[in-house]
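Read the structure below first, then the notes.
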Amino acid sequence: AQKITQTQPGMFVQEKEAVTLDCTYDTSDPSYGLFWYKQPSSGEMIFLIYQGSYDQQNATEGRYSLNFQKARKSANLVISASQLGDSAMYFCAMREGSRGGATNKLIFGTGTLLAVQP
Amino acid sequence: NAGVMQNPRHLVRRRGQEARLRCSPMKGHSHVYWYRQLPEEGLKFMVYLQKENIIDESGMPKERFSAEFPKEGPSILRIQQVVRGDSAAYFCASSQGATNEKLFFGSGTQLSVL
């Protein structure tokens, strides 16, 4: 069965330090996509980064990078040089069948609340 | 260059009333998805629509919930005879294609049922 697991309900990080948010997934589909979204206290869902299962390199978007370990079925988000504005809820999500026949029907994890301390 | 627009931002209803949630996708997007977020949980898929068609409603409750995406106008998620358990944040998202990498979300509608 498809499943996304985020085992860290909450994390603290010092401003300017790097932080890793964990995400593991379970799927029997060889083709899938993995997403990270940020949800600040205002409630909107902000797209951060995407990794396709066939992508050769780990995805990066500015200060965000995705540590994709396919054999371990993990897709951890790394935020470098944390800023106070990074304090938010972070959700990992998966889409199956990213090549042909796929839709954007995403399965979300339960989220990790990140607090950046000055 | 407006993003996905949802309204209202907050909606309060008494038990038994109807709730109508609206979603205008991003310009050029013809695929709309509705998700529900219960307190302390991640988002759960409800329904996927293209213009005038429901493609996948596997996440929709069987009763009281319906969704549409007419040829003209926004997508509507309708909840009839609301109950307290319907209180949640309802998010709409849109994409240009079915397999596009990025799914853009609106700011959500917070439904509170008294």
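Which residue is modelled with the highest pLDDT, if the candidates are limited to the range A:26-37 and must be buried (at least 20 other Cβ atoms within 10 Å of the Cβ) and more than 8 Å from chain B (Cβ to nearest Cβ)?
Filtering first and then ranking leaves A:36.
Can you name the condition, by its number, that residue B:40 falls short on among (1) within 14 Å of another protein chain (Cβ to nearest Cβ); (2) at positive phi; (3) surrounded by 14 or more Cβ atoms within 10 Å (Cβ to Cβ)?
Residue B:40 satisfies every listed condition except (3).
Right, residue B:87: facing chain A (nearest Cβ under 8 Å) and touching a residue at least 24 places away in the same chain (Cβ under 8 Å) or not?
no
Looking at the range B:23-37, which of its residues are away from chain A (no Cβ under 11 Å), in contact (Cβ under 8 Å) with a residue 60 or more places away in the chain and either aliphatic (A, V, I, L, M) or surrounded by fewer than 19 Cβ atoms within 10 Å (Cβ to Cβ) (or both)?
Of everything in the range B:23-37, those that are away from chain A (no Cβ under 11 Å), in contact (Cβ under 8 Å) with a residue 60 or more places away in the chain and either aliphatic (A, V, I, L, M) or surrounded by fewer than 19 Cβ atoms within 10 Å (Cβ to Cβ) (or both) turn out to be B:26, B:28, B:30.
What is the number of the single condition among (1) at pLDDT below 95; (2) loosely packed, with under 14 Cβ neighbours inside 10 Å that residue B:18 does not meet?
Here residue B:18 meets the rest and fails (1).
The values are calculated or read from the model by the stated rules, or taken from the named source; none is laboratory data. As the structure is a prediction and not an experimental result, all values here were calculated from the model. Ideal geometry is used to build each Cβ from the backbone, glycine not excepted, and the neighbour counts take in all protein chains shown.
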